Amino acid sequence: MTTTPLNSIDLYCALMMGEIVPWYQPMIDTQTQTLYGLEVLMRWSLDAENVSPVALIGAFEENGLLPEMTQHLLRQVAADMNDLDTLLPAGLHLSFNVSPSQVAKPGFVFDTLSFLAALPLEKYRLVVEITEEQPLRNTPEVVGAFLKLQLAGVEVYLDDFGTGCSNLEYLEQFSVDGVKVDQRFVKHICTKKSSTSIVAMVAGLAKAQHLGIIAEGVETVRQSQLLSDLGIVIQQGHLFSCAMSQSQLRNYLSPE
Ligand code: G
Ligand code: G
Ligand code: MN
């Protein structure tokens, strides 16, 4: 990992030069073993410095460039989806990550809806995953942003639910459509009683509240089976596929 701090000029250049690219990780419906959705994950294509995505996102955030980064990424996602359109199932759940700081910004809803307009409309279910590393303030701007997105058919999921700042109170404060179960709980689901209980509790909560639920970081058949037994049928993780570039995704969708 790099020890060189990235400054705003490096980051802006990376954006302008098209070096920040979307990768895609499949979510699988384990009942049918078919593709349910894709999560967009940012990557730095040059990665000469070997910077982790987490560090890179932190650097974009610190330099106030996260909204530009997301916009840039989504423009590329729209181009990629249009390119792969015939290979993708209708109703595909297409999710991208945003941090709480982005949600409260004035242009956030407009930017997200502009992205939606660049896609074949009925075909995709756009989903915003709210990341957990900062608190989501219960302000009229944030509540209003979620409602406007939902009116336009965009769903809101809480990422890594139950970790970081993503807590139970959010379910009372905000209108959300679903939660993602963090990989740290999935990792020990077969071996640690506390992990099993936590995942079972979140699954029960999702069912009672009619929320969508997706498990991530699924690496083994046993984990997948136990999650299915707990009612979590939509799963994402290395058992199914790692994140892929657009060209790798094309091969994944239509193997030669
Ligand atoms: O892909 P993994 O590759 O290492 O992603 C690391 C973390 O970075 C994850 O927690 C994910 O939520 C976050 N992340 C990935 N892409 C984006 C992005 O476009 N925006 C934000 N805010 N977070 C992202
Ligand atoms: O957005 P989120 O925090 O959920 O980011 C998902 C992160 O988890 C990304 O960094 C992605 O590359 C990583 N990831 C996805 N599937 C697996 C997996 O099965 N195992 C592990 N260890 N990491 C995974
Ligand atoms: Mn995520």
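Based on Cβ point charges of +1 for Lys and Arg and -1 for Asp and Glu, what charge dipole magnitude is obtained for region 89-235 about its Cα centre, in debye rounded to the nearest 20?
Here the size comes out at about 280 debye.
Any chance you could check the Cα centroid distance between region 184-256 and region 79-138 for me, in angstrom?
Centre-to-centre (Cα) distance: 21 Å.
Reported to two decimal places, what Rg/Rh ratio describes the chain when computed on Cα atoms with Rh from the Kirkwood expression?
Result for the chain is an Rg/Rh of 0.95.
For a quick check of your reading of the filter: which trypsin sites (Lys or Arg not before Pro) in region 179-256 sit in a DSSP loop and have no more than 16 other Cβ atoms within 10 Å?
Sparse-neighbourhood loop trypsin sites (Lys or Arg not before Pro): LYS192.
Roughly how many debye, to the nearest 20, is the charge dipole of the chain about its Cα centre, given +1 on each Lys and Arg Cβ, -1 on each Asp and Glu Cβ, and no other charges?
Dipole magnitude for the chain comes out near 580 debye.
Normalised by the residues of the chain, what does the relative contact order come to in percent, with Cα pairs under 8 Å and at least six apart?
Numbers: 409 pairs, mean separation 49.1, N = 256.
That works out to 19 percent.
Based solely on its DSSP helices, what 222 nm [θ] is calculated for the chain when runs of n ≥ 4 H residues each add -39,500 (n - 2.57) and the sum is averaged over all residues, nearest 500 deg cm²/dmol?
Calculated from helices alone, the mean residue ellipticity at 222 nm is -12000 deg cm²/dmol.
Can you tell me which aspartates and glutamates have their Cα less than 18 Å from the Cα of LYS192? Leave out same-chain residues fewer than eight positions away.
Correct list for LYS192: ASP182, GLU216, GLU219, ASP229.
Hey, can you grab everything whose amide H is under 5 Å from the amide H of MET27? Only 5+ residues off in sequence or another chain; H modelled, so Pro and N-termini drop out.
Residues meeting the amide H criterion: TYR36, GLY37, LEU38, GLU39.
Give me a comma-separated list of calculated 3J(HN,Hα) values for region 215-224, in order, Karplus coefficients 6.51, -1.76, 1.60 applied at θ = phi - 60°, integers in Hz, x for any Gly or Pro.
9, 10, x, 7, 10, 10, 4, 5, 4, 4
Mind checking the dipole of region 1-103: about its Cα centre, +1 per Lys or Arg Cβ, -1 per Asp or Glu Cβ, Debye to the nearest 20?
100 debye
Each value in this text was obtained by applying a stated rule to the coordinates, not by laboratory testing. Keep in mind that what you see is a predicted model, and the values were worked out from it rather than measured. Because the Cβ atoms are built from the backbone with ideal geometry, glycine has one as well, and the counts that use them run over all protein chains shown.
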